[in-house]
Amino acid sequence: MTRRPSDDHLDELIKQAIGVLDLPQPDPPPAGTEWIHAFRRWAG
């Protein structure tokens, strides 16, 4: 597949870091997410 110059620009827009604290939590939380709540309290 040949990459176009505009593809590099799209890659820059798409690749961004999202911290676990910034992600919304579903309600009710699924099993196994207790560590996320503990980390949020710790990072507080």
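The values are calculated or read from the model by the stated rules, or taken from the named source; none is laboratory data. Here the structure is a predicted model, which is why all the values come from computation and not from measurement. Counting neighbours? That spans all protein chains shown, and the Cβs are built from the backbone with ideal geometry, glycine included.
Of all residue pairs spaced 6 or more apart or on separate chains, those with beta-carbon atoms under 8 Å, a first member in the stretch 31-44 that is more than 12 Å from L21 (Cα to Cα) and a second member that is at pLDDT below 85 and surrounded by 10 or more Cβ atoms within 10 Å (Cβ to Cβ) are T33/Q25.
Residue under question is R4, and the condition is that it be at pLDDT below 85, of a type in the set (D, E, K, R) and touching a Leu at 6+ places or on another chain (Cβ under 7 Å); does it hold? So R4 does not fit the description; no.
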